[in-house]
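What follows is a short report on a single structure.
The values are calculated or read from the model by the stated rules, or taken from the named source; none is laboratory data. Since the model is a prediction, treat every value here as computed from it, not as a measurement. Cβ sites come from the backbone with ideal geometry, for glycine too, and all protein chains shown count toward neighbours. For the accessible areas, the whole protein counts, side chains as well, though only heavy atoms, and no ligand, DNA or RNA atoms are used. Shrake-Rupley method; radii C 1.70, N 1.55, O 1.52, S 1.80 Å.
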Amino acid sequence: MTETGTPPPWADAIAAKADMPAETVEEVLARHRIRPSPVPGQPRRMTIESIAFAGTKDEARGGQPFAFTWNGLGPGLWAVAAPANFAGKSTVFEVAKSLLRGRLSVQPDVADWLASAELLFRVDDTRYRVAVAFEKRVPSGTLELLKDDETHIQLGGFSSEPEFEQTMGGLMMDRLSLARLSAWRQGSEDSPGRAAPHDWPMLSEALFIGTELRALIGDVVVDGLPARLLQMFVGLPWVSTLFEARTALKQVEEEIARKRRRREAVDARRKIRADAVRGELAAAKARLDAVIGSGDLRRRLVETEGELAGASDQLRRIRAAQREAEAALDQAQAEHDEDLRQHQDFLEAKAAHAVFGRLRPTCCPRCESAIPRERQRRERESLECSVCGTNVGKRDADNDVAERDLAARVEASGKALATARGDAKAIAERLAETEAEVLRLDATLAGLTGDLKGSAEARWTAEADVSRLEGRLEEILADEPETSDGPALELDRRILKACEEVTNDLVKAHRDELLKAISERLAELARRFGMKGVSSARLNGQAQLSLTKGSTETNFSRSTKGERMRLKVATVIAMLQVGEVAGVGRHPGVLFVDSPAGAEEIIQEDVDELLDGLASLEETMPWFQVFVATTKVDAVADRVRPDHARIADGEVLW
């Protein structure tokens with residue numbers, strides 16, 4: 001705490017906990033791209049206004065055209081129903097999901113049939129339309145902003161699935177104030193770990209409840225994603241910072257562990273070699289004690305010993321040079337990788353600019369005044385922007401210069417890397433030659449030792465063996481593995497650990513009260529949705545839900561499939577209701593619940609109670625929009641307003 005009793009700034013708190021200078025802490029955090037995110041999420045409300053798609057079924061067999069349009073959508077409970085499965089209910093939701101995510105997520109046969117799709121939706125007071133055409137499953141289309149005067153502004157165009165995903169993800173992450181979630185996937189001995197970023201396609205799982213029901217939030221359980229989704233959509237501040245810190249910490253810890261394992265392996269091999277030499281040394285000393293005398297071969301032994309000493313000394317120098325060459329190679333590789341990354345980042349930014357650079361505005365984006373034809377003509381002729389007057393051609397030229405500079409850096413660092421590799425290879429060859437020479441001299445000494453056995457020269461040979469083996473043992477024990485970056489990694493770990501702990505405390509300070517309120521509301525909703533025996537619920541920060549049913553303690557995982565579906569619905573709604581009161585949250589208030597009656601444990605009465613509960617929310621949550629797909633036609637007809645339901649007349653909806 002500071003002298004005024006308020007918590008110290010985030011970076012200062014980390015510095016104090018790590019007992020490190022603030023400048024060092026800031027450098028480490030910047031290098032690992034960890035940024036503060038102290039602002040809680042503010043609720044942004046999304047509303048689906050229309051869903052439409054068309055195509056041709058079984059085109060290879062002659063084809064049967066189809067079209068589905070659902071207009072006039074708004075807040076409240078909406079339902080699609082058909083008395084049997086495979087009637088097209090899920091496809092309606094899958095098309096909406098595909099258009100919102102920017103990634104085709106329909107059944108394979110439907111993907112082949114689909115020719116076009118369109119989705120109109122609103123985020124707060126701004127309306128958008130995404131229109132897509134499909135050619136052999138490849139999407140192309142536009143994302144537009146719709147103005148009150150029925151005019152529209154094209155925000156982006158796409159002609160591939162990656163561009164489609166980028167376009168929708170960019171809009172949704174910005175408009176819903178979401179941040180990319182980062183996780184670390186552990187590596188192995190053969191494969192290093194890697195960072196796994198999760199952005200809009202994965203975050204959007206919180207808007208859909210399917211039939212898998214594997215997790216409380218979303219259906220993807222890798223990388224601790226349910227917990228990350230919960231904390232993100234609850235609207236907690238510091239959440240993205242916490243995930244960034246944890247990912248960076250795991251990355252550094254894995255690198256430390258990898259280097260430790262490598263060092264331990266080197267130590268183990270060195271111990272084996274040292275123990276073997278100690279055994280040979282003991283035997284040599286025993287032979288020395290057992291022999292006497294000298295002879296003419298002493299001079300040859302002295303010469304060979306001198307040559308061996310010289311070769312051994314040269315071997316030590318070459319090994320030292322090899323370590324330096326490997327360090328230089330690592331540095332050259334790192335610099336080349338960084339140049340490649342900066343060059344790729346520039347190309348991606350340039351590509352994004354190219355998309356928006358093709359826009360030709362006809363009116364001012366601020367006041368909507370029409371742009372004079374003279375300005376539009378100057379833009380075409382002199383590349384002077386008709387809105388702000390910037391010379392676009394000059395900016396493009398500057399970008400070309402920057403791109404050439406980055407490309408030159410990549411080329412230069414590549415050449416430096418090639419040189420470093422050549423140096424390392426040359427030293428390795430010299431090392432092999434010198435090691436062979438040492439082995440040859442060892443063999444020569446061994447031969448001389450045999451010649452001197454039983455004579456006076458045997459004593460001299462034994463002395464030479466002792467000297468040689470003592471020198472080899474000293475060399476083995478002095479041959480330490482390269483650990484030059486060990487202290488730097490430990491410093492990073494110390495600071496990142498402090499960052500993770502400080503940030504976790506900041507998250508926890510906001511999280512516990514919110515989760516307590518959400519848990520209480522969740523239990524009420526579970527009872528409203530037919531789970532009458534639930535007396536209390538406890539939701540923790542890991543998206544783990546414990547329940548008390550009468551006198552029995554249970555949890556989400558041990559619940560039946562039908563109960564899990566209702567608990568997932570209740571969790572999202574409780575999160576929205578508590579967030580609305582507290583003024584925090586990032587969930588947009590749209591929920592798709594697919595085929596609840598497909599869970600074999602759900603009976604007609606359960607569907608009735610679920611629909612009754614959802615319908616009753618229109619009074620307390622007038623902005624909430626929920627879609628349900630089911631085979632229980634009677635339940636929909638009795639409980640959903642006729643103009644809010646699409647019920648199949650025959651076997652299929654479309």
Answer residue from region 538-563, given it is modelled with pLDDT under 90 and not polar (S, T, N, Q) and is surrounded by the fewest Cβ atoms within 10 Å (Cβ to Cβ) among those: Gly550
Tally, over region 1-42, of residues that are exposed (fewer than 14 other Cβ atoms within 10 Å of the Cβ), within 29 Å of Gly579 (Cβ to Cβ) and modelled with pLDDT of 85 or more: 6
Test result for Leu77, open to solvent by 10 Å² or more (accessible area, probe 1.4 Å), assigned to a strand (DSSP E or B) and not charged (D, E, K, R): no
Ser535 being assigned by TED's automatic domain parsing to the domain that holds Phe233, open to solvent by 20 Å² or more (accessible area, probe 1.4 Å), farther than 30 Å from Val266 by Cα and without any contact (Cβ under 8 Å) to a residue 60 or more places away in the chain: yes
Residues that are surrounded by fewer than 19 Cβ atoms within 10 Å (Cβ to Cβ), assigned to a loop (DSSP other than H, G, I, E, B) and modelled with pLDDT under 90, drawn from region 632-653: Ala648, Asp649, Gly650, Glu651, Val652
Qualifying residue in region 374-383 (condition: closer than 23 Å to Leu143 by Cβ, modelled with pLDDT under 75 and exposed (fewer than 14 other Cβ atoms within 10 Å of the Cβ)): no
Residue within region 248-264 that is open to solvent by less than 20 Å² (accessible area, probe 1.4 Å), in contact with a strand residue (DSSP E or B) (Cβ under 9 Å, 6 or more places away or on another chain), within 30 Å of Ile518 (Cβ to Cβ) and assigned by TED's automatic domain parsing to the domain that holds Ser546 present: yes
Flag for Arg586 being farther than 23 Å from Val80 by Cβ, charged (D, E, K, R) and buried (at least 22 other Cβ atoms within 10 Å of the Cβ): yes
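Collect the residues in region 235-247 that are hydrophobic (A, V, I, L, M, F, W, C) and open to solvent by 10 Å² or more (accessible area, probe 1.4 Å), keeping them in residue-number order.
Residues of region 235-247 that are hydrophobic (A, V, I, L, M, F, W, C), as a first pass: 236, 238-239, 242-243, 245.
Residue satisfying the conditions is Trp238 alone.
Yes or no: region 90-102 includes at least one residue that is modelled with pLDDT under 90 and assigned by TED's automatic domain parsing to the domain that holds Trp238.
If we filter region 90-102 for residues that are modelled with pLDDT under 90, which is where we start, we get 90.
Those still in the list that are assigned by TED's automatic domain parsing to the domain that holds Trp238 too: 90.
Yes, because at least one residue in region 90-102 is modelled with pLDDT under 90 and assigned by TED's automatic domain parsing to the domain that holds Trp238.
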